Amino acid sequence: FYQPKFDIRTLQVTSVEALARWNHPERGILTPASFIPVLEQHGLLDSLLYRQVDQCLTLRKAALANRLSLTFAVNVNASQFANPQMSTHIALLLKRFDAPGACLSFEMTETGTLDPGSLSLENMVRLRMMGCGLSIDDFGGGYSSLQRLCRLPFNEIKIDAEFVRDLSSEPRSRAAISSVLSLARELNIGVVIEGIETPEQRDILLHLGCETGQGYLLARPMPAHNLLPWLIDRNAATQRSPVMHGMGHSPLPHL
């Protein structure tokens with residue numbers, strides 16, 4: 001499934017996050033909590049990652065045929081950075097699809113255990129040199145945040161949705177988000193706010209200086225066969241009314 005990220009000021013789509021889902025024949029759509037532990041137990045996380053990247057790059061190719069330029073974020077378990085073949089395999093996939101590294105970003109859950117060894121750092125550096133992005137997911141919900149930001153080549157952090165839920169009633173949540181934004185500016189890294197669901201939350205985040213968000217306010221996660229039609233319809237509606245949601249589109253919007 002795919003969920004757009006968006007410019008909080010204009011609601012223009014900036015990129016898309018790929019979310020692993022299992023369409024179970026009896027139990028319906030299952031979230032990662034239902035199957036990731038089993039995949040990890042059997043050493044299949046890398047197979048899932050490479051399949052997701054393959055599907056993202058396939059979708060990117062279809063989007064280009066419709067004059068849409070998509071970039072994707074894919075979730076990665078921290079332990080996967082220790083795989084000596086990780087960056088090499090990603091490079092091969094990019095080459096096979098003739099795609100730039102900048103069209104991919106890898107989101108690492110902050111609570112994951114990151115191997116401090118040289119292989120993890122080497123993979124990260126190679127991915128960044130290829131143009132790929134590296135993001136700490138669920139920032140504020142785990143540990144060693146500042147240490148990771150200072151020592152590893154991340155260029156983005158995603159603030160956990162928990163800080164957004166009580167924005168209107170909890171001054172400390174607003175203060176925490178404001179502090180993270182200041183830190184990110186000092187470190188010259190991007191910030192994505194997760195879990196934006198209401199116009200009120202959006203207004204508060206705008207006041208705090210947030211720029212990029214993700215959440216039900218714009219779109220719920222959707223299957224691939226719905227994503228492109230949704231983007232095409234949204235683009236067509238915007239071209240008919242350039243002031244829609246306060247945004248305008250170029251002939252080839254970069255999403």
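The values are calculated or read from the model by the stated rules, or taken from the named source; none is laboratory data. Computed from a predicted model, the values in this text were never measured in an experiment. Note that we place each Cβ from the backbone using ideal geometry, even for glycine, and neighbour counts take in every protein chain shown. Calculation scope for accessible area: heavy atoms of the full protein, side chains included, ligands and nucleic acids excluded. Shrake-Rupley method; radii C 1.70, N 1.55, O 1.52, S 1.80 Å.
Being without any contact (Cβ under 8 Å) to a residue 40 or more places away in the chain and within 21 Å of Ser182 (Cβ to Cβ) is the filter; apply it to segment 193-221 and report the residue that is surrounded by the fewest Cβ atoms within 10 Å (Cβ to Cβ).
Filtering segment 193-221 for residues that are without any contact (Cβ under 8 Å) to a residue 40 or more places away in the chain and within 21 Å of Ser182 (Cβ to Cβ), the one surrounded by the fewest Cβ atoms within 10 Å (Cβ to Cβ) comes out as His207.
Is it true that Val74 is without any contact (Cβ under 8 Å) to a residue 60 or more places away in the chain and surrounded by 17 or more Cβ atoms within 10 Å (Cβ to Cβ)?
yes
Quickly run through segment 77-111 and pick out the residues that are open to solvent by 20 Å² or more (accessible area, probe 1.4 Å), assigned to a loop (DSSP other than H, G, I, E, B), of a type outside the set (Ser, Thr, Tyr) and in contact with a Gly (Cβ under 9 Å, 6 or more places away or on another chain).
The answer is Asn77, Pro100.
Tell me yes or no: at least one residue of segment 166-177 is part of a loop (DSSP other than H, G, I, E, B) and of a type in the set (D, E, K, R).
Yes, segment 166-177 contains a residue that is part of a loop (DSSP other than H, G, I, E, B) and of a type in the set (D, E, K, R).
Return the residues of segment 14-28 that are over 21 Å from Cys103 (Cα atoms) and either touching a residue at least 12 places away in the same chain (Cβ under 8 Å) or in contact with a helix residue (DSSP H, G or I) (Cβ under 6 Å, 6 or more places away or on another chain) (or both); say none if nothing qualifies.
So the first thing to find is which residues in segment 14-28 are over 21 Å from Cys103 (Cα atoms), and the list is 21-28.
Result: Arg21, Trp22.
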